[in-house]
Amino acid sequence: MKKIVLPIALVLVLFVMAVHLFHRPPMPNLTQLQLQQTYSVKPIASVDHTRFEELQKEFATPQEVTEACIACHNERHKEVMASNHWNWERISYVEGRGIERMGKQNVLNNFCIGTNSNQQSCARCHIGFGMSNNRFDFENARNVDCMVCHDHSEEYIKGASTAGYPDRSVNLSRVAQSVGRPGNINCGACHFYGGGGNNVKHGDLEDALLTADRSVDVHMAANGINMTCVDCHTAENHRMKGTLYSVSSTHVNRLSCEECHTTTPHNDRMLDVHTGRIACQTCHIPTYAKENPTKMAWRWSEAGQLKDGQPFSEVDSMGREIYLSIKGSFEWATHVEPEYYWFNGHATHYILGDKVDSIPLQVNRLLGIARDRESKIIPVKVHRGDQIYDPNTEMLIQPKLWSEAKGDSAFWQDLDWDAAAAAGMQEAGLPYSGEYSFIPTEMYWPVNHMVAPKGESLTCAECHTREGGRLAGLNDFYLPGRDKHAGIHVLGRLLLLGAILGVLVHALLRFVSALRNNKMKSEDIQ
Amino acid sequence: MAQLVYVYKQFERFWHWSQAVLILFLALTGFEVHGSIYLFGFEKAVIYHRYAAWLLLGLIVFSIFWHITTGEWRQYRPQLSKLQAQLRYYTYGMFKGEPHPTHKTLRNKLNPLQALTYLGFKLLMAPLLVSTGLLYMFHRSIDANDMVLISEIPLEWVAWLHTLGAYLLLMFVIIHVYMTTTGATPLANIKAMLTGYEELEEDKSE
């Protein structure tokens with residue numbers, strides 16, 4: 001009896017020990033609980049602008065509103081005028097170029113191409129009044145548009161092609177009295193609708209975020225923590241935190257998830273060790289454009305076609321615009337899986353006047369490789385298309401697109417590439433040979449928003465798999481579960497095969513010799 | 001005269017069989033992590049492989065202690081003089097029905113070929129797998145959290161050597177299991193390793 005009881009008791013003790021050793025009860029994530037508590041309390045305005053006499057009057061021009069703002073906030077305009085939102089450029093040191101002023105003024109994009117010669121229209125998203133050409137006075141504080149960011153009346157709207165002036169219908173007095181901390185729609189007015197419509201450019205910034213639930217964006221969800229853009233993109237002295245590499249090029253003033261969530265947010269060492277080389281966004285934003293479609297391709301080369309002598313537009317079965325005579329053809333997509341690239345926080349850009357050095361041309365390149373410790377894998381929306389190009393000067397062409405009326409060389413009026421190219425390049429102060437063609441172009445947009453609930457983040461095997469994983473295209477490092485050394489594989493299999501064959505042959509020989517020896521023995525006995 | 005001798009002590013048997021189970025389990029989970037087979041799913045395979053690895057490391061520590069304190073480590077000193085005879089037996093003699101060239105005794109449980117093989121196992125294969133395994137385990141680091149460790153050694157080298165070690169170990173297992181059938185009867189050796197008792201010729205030196 002004792003002989004049975006003792007081993008059973010031992011096994012049971014071992015079992016209990018094993019359970020105790022390997023069972024991890026779910027631990028509260030204290031960092032996250034703290035963050036949730038912090039952002040549950042929403043900021044309250046410290047003043048009520050409706051009660052200021054200075055604002056209780058009719059404003060004839062928006063500049064008068066700015067003057068009223070500056071009358072009290074008498075140094076703030078200087079901060080604004082030092083910002084990228086105002087200057088549309090920033091000074092940065094770019095490897096191979098030196099000190100460079102870069103921004104919307106001279107960097108090209110893969111959508112409406114560039115602002116030069118089109119300011120009257122593009123300035124709808126400039127925080128100023130009267131940027132109608134490239135001679136805008138960046139020193140004039142009266143032209144700072146405080147309202148576009150601080151309006152809370154939801155009435156303020158910039159006019160279409162009015163050089164950044166508000167629409168004539170806006171009641172400036174009401175807007176001025178409503179001002180406060182920027183809300184999501186203030187940022188979204190430009191950042192959701194850039195490129196000519198909702199979600200066209202970013203793919204992860206769109207007006208669905210105004211009414212998102214947790215499955216769309218855990219941070220901005222109305223039924224979640226309900227955060228606003230400026231909760232993360234803080235703006236000490238009007239200097240917004242965060243950079244987007246469509247126009248930014250250096251690892252400065254960058255905003256990262258880790259600032260709140262730390263580099264060890266998982267309560268799991270196995271996951272935490274990933275944070276050194278994988279950006280949070282990579283696993284936590286499995287798809288973008290979750291609600292409304294985003295543009296994945298824009299081919300300018302197809303622009304200019306006519307139907308019955310008239311410009312036309314085409315929509316697909318989902319109601320998405322897929323052709324416009326003035327713009328070319330588009331491709332749209334929803335629930336897009338990002339592409340993945342190494343990125344170290346630095347990017348280079350095609351600047352107006354540069355020689356094209358590769359086809360397809362990347363109008364911006366995200367720098368980074370596996371070997372570089374500072375590089376992390378990030379999710380990227382890659383927008384592919386084509387653009388007008390001068391084969392003789394080997395430059396991309398900045399065409400003049402917008403004009404009020406026909407006959408002013410603007411492509412959107414006259415559908416004449418040659419005239420638009422000549423006018424645009426002249427305005428930019430660059431040569432145009434008189435000959436043009438189209439080359440494929442790409443633009444890289446890091447995906448940072450629309451963070452999914454944790455249950456929807458990528459699972460291990462979506463990358464750690466032999467074939468067809470998310471990182472299948474990123475081959476400059478060893479990924480367990482995906483990569484193998486062909487030689488060792490073959491050698492290993494040969495070893496195993498050799499062992500099995502050797503054993504079988506040996507066994508067979510033994511069997512045969514045993515039979516023979518037995519026979520000899522039995523013969524001996526006889 | 002043959003008599004029943006208590007050859008394999010309790011710890012020895014526990015060590016042998018738990019090591020066998022762990023190695024097979026590590027092979028399964030390891031080749032799943034490597035992407036060769038699908039069994040538990042990558043995530044679980046990684047976790048199981050780590051737990052099993054730590055258990056095996058613990059077992060190795062205990063067995064080293066046991067070998068040193070009991071003096072059993074001497075069993076692995078290969079008698080090179082009789083190696084040729086042993087090789088001749090396995091490749092020729094045993095087919096002719098010749099007797100074993102060496103006699104198994106308590107002091108000499110392993111024949112010269114066994115001793116050499118197990119010595120290779122303990123001094124080459126196991127250290128290769130353990131060292132690359134530890135490098136693998138601690139390779140990835142949380143840079144920003146100042147836990148930078150051994151990332152200077154390329155992970156592919158660590159992984160390749162670990163895989164190579166795994167193949168070698170599997171090859172060893174195949175041959176090892178087969179060789180157990182070369183005792184007095186095909187199951188005699190396995191039975192001995194299970195019960196501890198084996199029929200041995202009388203040790204004439206004692």
Zone of A:Asn517's modelled label, taken as backbone nitrogen in the range B:96-113 under 17 Å from a point 7 Å along Cα→Cβ
B:96-104
Once phi for every residue in the range A:481-487 is put through the Karplus expression 6.51 cos²θ - 1.76 cosθ + 1.60 (θ = phi - 60°), the whole-Hz ³J(HN,Hα) values, with Gly and Pro written as x, are x, 9, 9, 8, 9, 4, x
Compare the Cα positions of A:Tyr341, A:Ser409, A:Gln398 along the charge dipole of the range A:318-415 (+1 at Cβ of Lys, Arg; -1 at Cβ of Asp, Glu; about the Cα centre) and return the one farthest towards the positive end.
A:Tyr341
Rounded to two decimals, what is the ratio between the C-alpha radius of gyration of the protein assembly as shown and 2.2 N^0.38 Å?
1.38
Can you show me the helix-derived [θ] at 222 nm for chain B, built from DSSP H runs with n ≥ 4 at -39,500 (n - 2.57) apiece and divided by the number of residues, rounded to the nearest 500.
-19000 deg cm²/dmol
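Give the Rg/Rh ratio for the range A:1-73, taking Rg as the radius of gyration of the Cα atoms and Rh as the Kirkwood radius, to two decimals.
Result: Rg/Rh = 1.75.
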When the Cα centres of the range A:373-427 and the range A:1-57 are compared, how far apart do they sit, in Å?
52
Sorting A:Thr250, A:Ala176, A:Ser215 by the position of each Cα along the dipole of the range A:154-257 (Lys, Arg +1; Asp, Glu -1; all at Cβ), the one nearest the positive end of that ordering is A:Thr250
Per residue of A:479-486, other chain Cβ atoms within 10 Å number on average 6
Shielding by other protein chains, A:267-278, mean Cβ within 10 Å
4
Given R₀ = 30 Å, what would the calculated FRET efficiency be for A:His73 paired with A:Asp213, taking r from the Cβ atoms and rounding to 0.05?
0.25
Taking A:37-48, A:445-456 and ranking on average Cβ neighbours within 10 Å, highest first, one gets A:445-456, A:37-48
Rg and Dmax of the range B:60-100, using alpha carbons, in Å: what are they?
15.4, 43
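Listed highest first by mean packing, meaning other Cβ atoms within 10 Å per residue, what order do B:85-98, A:155-168 come in?
Ranking the peptides B:85-98, A:155-168 by packing returns A:155-168, B:85-98.
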Give a quick list of GluC sites (Glu not before Pro) in the range A:363-438 that DSSP marks as loop, anything other than H, G, I, E or B, with at most 14 other Cβ atoms within 10 Å.
A:Glu374, A:Glu394, A:Glu404, A:Glu435
Once you put a point 7 Å from the Cα of B:Leu134 and another 7 Å from the Cα of A:Asp408, both along the Cβ direction, what distance in nm separates them?
7.5
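So if I place +1 on the C-beta of Lys and Arg and -1 on the C-beta of Asp and Glu, and nothing else carries charge, what would the dipole magnitude of the range A:185-458 be about its Cα centre? I want it in debye, nearest 20.
Working: 23 positive and 36 negative charges, 161 e Å.
Dipole size: approximately 780 debye.
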The pairs in A:Lys290/A:Lys400; A:Lys327/A:Lys454; A:Lys201/A:Lys376; A:Lys57/A:Lys78; A:Lys158/A:Lys201 lying past 29 Å Cα-Cα in this model are A:Lys290/A:Lys400; A:Lys327/A:Lys454
Would you work out the Kirkwood radius for chain B? I mean one over the mean of 1/r across all pairs of different Cα atoms, in Å.
19.3
Note down the relative contact order for the range B:1-81 as a percent, whole number, built from C-alpha pairs under 8 angstrom at least six residues apart.
23
Value of [θ]222 nm, deg cm²/dmol, for chain A, DSSP H segments ≥ 4, -39500 (n - 2.57) each, nearest 500
-8000 deg cm²/dmol
Would you grab the residues whose amide H sits under 5 Å from the one on A:Trp332? Only those 5+ places off in sequence or on another chain, please, with H modelled 1.01 Å from N.
A:Met296
HN-Hα J couplings of the range B:163-172 from phi, Karplus 6.51/-1.76/1.60, θ = phi - 60°, integer Hz, Gly and Pro as x?
5, 4, x, 5, 4, 4, 5, 5, 4, 4
Using just the alpha carbons, could you tell me how many Å³ per residue the convex hull of the range A:129-192 encloses?
96
Could you check the spin-label model distance between A:Arg384 and A:Leu10? Points 7 Å from the Cα along Cα→Cβ, value in nm.
6.5
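Just so you know, all these numbers are worked out from the coordinates, no wet-lab data involved. Worth saying up front: this structure is predicted, and the values here are computed from it rather than measured. Counting neighbours? That spans all protein chains shown, and the Cβs are built from the backbone with ideal geometry, glycine included.
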